[in-house]
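What follows draws every value from the coordinates through simple rules; no lab data is involved. The structure displayed is predicted, hence computed values, not measured ones. Positions of Cβ are generated from backbone atoms using ideal geometry, with glycine treated the same way; all protein chains shown enter the neighbour counts.
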Amino acid sequence: MATVRETTYDLLRQLGLTTVFGNPGSTEEPFLGHFPDDFSYVLALQEASAVAMADGYAQATGEPAHVNLHTAPGTGNAMGNLITAWHNKTPLIVTAGQQAREMLLIEPRLTSVRAAELAQPYVKWAYEPVRAQDIPAALMRAYSTAIQPPAGPVFLSLPLDDWHQTADPPPQLRQVSRRFAADPQRLAHFADLLADSANPVLVLGGGVDRSGGWPAAVALAERTRAPVWSAPAPERIGFPEDHPQYQGILPFAIGPLGERLGGHDTILVIGAPVFRYYPHVPGDYLPPGAQLLHITDDPAEAARAPVGESLLGDPGLACAALAALVPVAQRPLPPVRSAPPEPEVGNPLAPAALFAVLARHWPADGILVTETPSNLSILRRHLPITRPGSYFTTASGGLGFGLPAAVGVALAQRVTGQRRPVIAVIGDGSFQYSVQALWTAAQQRLPVVFVVPVNRQYGILKAFAEFKETAGVPGLDLPDLDIPAVAAGFGCHAPRLTTSDEFVDAFRAALGASGPTVLAVPITADVPPIL
Ligand SMILES: Cc1ncc(C[n+]2csc(CCOP(=O)(O)OP(=O)(O)O)c2C)c(N)n1
């Protein structure tokens, strides 16, 4: 008779979930024991890193990933990046150990009380099976839940003494949809509204990239001849930023965003929230007289939009369907946006100078993973994303995602055989939240290049304090962090750099290295305005 454990591993195998990201504890050992040869365990030294590595891996492979956590404290450590996975719409199957059922009543050490509530509300489904025999079927249900639109994390709490129990017959291996197409009537209505518009604009978000929608988005843009903006604070990029119709990234505040879209009568938003705002700047959501059309695969995202009409459907499929329905517009093309000014190269480098140098030496198929809050708009201005699947950042704004996510993205390059270079630009503050993922990168010999602009401060919080006129906030400076020493301690190559030339030589070498390199570059402590 098969055990629950054997039936579960068979199912994981059939689902292609043979990589387990995790950090083990005693409550997980009965599951992990006699770990099969055809599975791999990616050890993270803290659960925040395990979740974000799995997130990066899932996004870069386009497949769900499995994370195994240590009961309540492990889940607690994982929570920040679980919140990010939720906003990233990443399908993650999160399992966590639980104490033995026989003792749960008296709450021994390692009990996760109300385990199914702990990860809420940032999972699509959370469950502790009522019987040991329900684990494989619960896993099948968890998988089906995670991958259906909108994709997202799910959570299972699994008591440690369940694994050796005799299993029921295995659950049926099921397939469910990962995409759904829009209602044709409503889509035709949207196409009519778009065709009747005098001056429409497209706003594209991360959902376009997630759904493989670049070619369809380009076709739609070229038929409508409309300017194209990136949705504010995008977690992925849905349109080539070197396309002549591309205008830039919209500001993440109500008033400024509404003003930026002034003059347009139709605003078509695809694959993004309406909108991802950050500082509160009151104003009109839309320019006067404009209508907003919103296409998303997420009913909750559609429901909470303050304005506009919505249409549920896969962003990529919707772009393709709309492109087929709308006539070729006759209007003149929008003006091409100007190139950023050439920054002066000083010592220390200004952020713009560092990013201009980085852009100059950027590999054509490079993937950018980033978390550099105050300098992000400068980085994005100098380093256009021109290919699909080439940009990943936190959708939630929570820090501690980028560094481990880059490790997961790099692992995906190896596993899929794509072997695209992965470059992570991570602020010196952001670097600290899941820093132990450097060890996993080193152990796995992943050639990730971590570029750390060192401004010795929480720059964006200074900008926010200025913006809100809240002087005297403590804890915004970061003196005496020795990033090369920390990186070397985890097994990364980490040369000490100051000049631009040293950076260029080290960056080139890092791209060809067989393991991770951390390039901490001192930069000026400018505080760019928040908007
Ligand atoms: C988990 C978490 N903790 C705290 C914050 C608040 N926070 C936002 S940006 C930031 C500073 C980031 O510093 P750094 O990476 O050095 O970038 P800089 O703003 O200096 O460019 C902090 C602490 C957050 N977003 N997430």
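Structural remarks
- Scan the range 294-317 for residues that are β-branched (Val, Ile, Thr) and part of a loop (DSSP other than H, G, I, E, B) and the total you get is 1.
- Looking only at the range 442-457, and only at residues there that are among the polar types (S, T, N, Q) and within 12 Å of the ligand (Cβ to nearest atom), the one that is surrounded by the fewest Cβ atoms within 10 Å (Cβ to Cβ): 457
- Residue satisfying all of: in the range 130-146; touching a residue at least 60 places away in the same chain (Cβ under 8 Å) and small (Gly, Ala, Ser); nearest to residue 162 (Cα to Cα) among these: 132
- Pairs with Cβ under 8 Å, 6+ apart, first in the range 382-400 and within 22 Å of residue 435 (Cα to Cα), second in a strand (DSSP E or B) and away from the ligand (no atom under 15 Å from the Cβ): 391/367; 391/368; 392/367; 392/368
Results for (1) in contact with a strand residue (DSSP E or B) (Cβ under 7 Å, 6 or more places away or on another chain); (2) over 23 Å from residue 503 (Cβ atoms), shown as yes or no for each residue.
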site: 432; (1), (2): no, no
site: 440; (1), (2): yes, yes
site: 450; (1), (2): yes, no
site: 455; (1), (2): yes, no
site: 462; (1), (2): no, yes
site: 466; (1), (2): no, yes
site: 470; (1), (2): no, yes
site: 475; (1), (2): no, yes
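- Checking the stated criteria, residue 465 turns out to be without any contact (Cβ under 8 Å) to a residue 12 or more places away in the chain, surrounded by 16 or more Cβ atoms within 10 Å (Cβ to Cβ) and of a type outside the set (Val, Ile, Thr).
- Among the residues of the range 126-146, those that are assigned to a loop (DSSP other than H, G, I, E, B) and in contact with a Pro (Cβ under 9 Å, 6 or more places away or on another chain) comprise 128, 129.
- Every residue from the range 191-224 that is in contact (Cβ under 8 Å) with a residue 60 or more places away in the chain, part of a helix (DSSP H, G or I) and more than 29 Å from the chain's Cα centre (by Cα): 191, 193, 194, 195, 223, 224
- First in the range 359-378 and farther than 13 Å from residue 431 by Cβ, second anywhere and more than 16 Å from the ligand (Cβ to nearest atom) and among the hydroxyl-bearing types (Ser, Thr, Tyr), Cβ under 9 Å, 6 or more apart: 364/386; 365/390; 366/390; 367/390; 367/391; 368/390; 368/391
- Some residue of the range 390-413 being surrounded by fewer than 24 Cβ atoms within 10 Å (Cβ to Cβ) and of a type in the set (Val, Ile, Thr): no
- Contacts under 7 angstrom Cβ, first residue in the range 93-109 being more than 26 Å from residue 154 (Cβ to Cβ), partner surrounded by 11 or more Cβ atoms within 10 Å (Cβ to Cβ), 6 or more apart: 102/161; 108/99
- When 356, 352, 412 are checked against the criterion of being touching a helix residue (DSSP H, G or I) at 6+ places or on another chain (Cβ under 9 Å) and touching a residue at least 40 places away in the same chain (Cβ under 8 Å), 412 stands alone in meeting it.
Okay, residues lined up against (1) polar (S, T, N, Q); (2) touching a Ser or Thr at 6+ places or on another chain (Cβ under 9 Å):
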{"position": "41", "(1), (2)": "no, yes"}
{"position": "54", "(1), (2)": "no, yes"}
{"position": "58", "(1), (2)": "no, yes"}
{"position": "67", "(1), (2)": "no, yes"}
{"position": "79", "(1), (2)": "no, no"}
{"position": "108", "(1), (2)": "no, no"}
{"position": "111", "(1), (2)": "yes, yes"}
{"position": "135", "(1), (2)": "no, yes"}
{"position": "138", "(1), (2)": "no, no"}
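- Complete set of residues in the range 458-480 that are of a type in the set (Val, Ile, Thr) and within 14 Å of the ligand (Cβ to nearest atom): 460, 473
- The requirement of being of a type in the set (Val, Ile, Thr) and out of contact with any strand residue (DSSP E or B) (no Cβ under 9 Å at 6 or more places or on another chain) is not satisfied by residue 90.
- Each residue in the range 227-264 was checked for being in a loop (DSSP other than H, G, I, E, B), among the aliphatic types (A, V, I, L, M) and under 17 Å from residue 208 (Cα atoms), and 4 of them qualify.
- Selection over the range 169-189 of residues that are assigned to a loop (DSSP other than H, G, I, E, B) and either within 32 Å of the chain's Cα centre (by Cα) or in contact (Cβ under 8 Å) with a residue 60 or more places away in the chain (or both) gives a count of 14.
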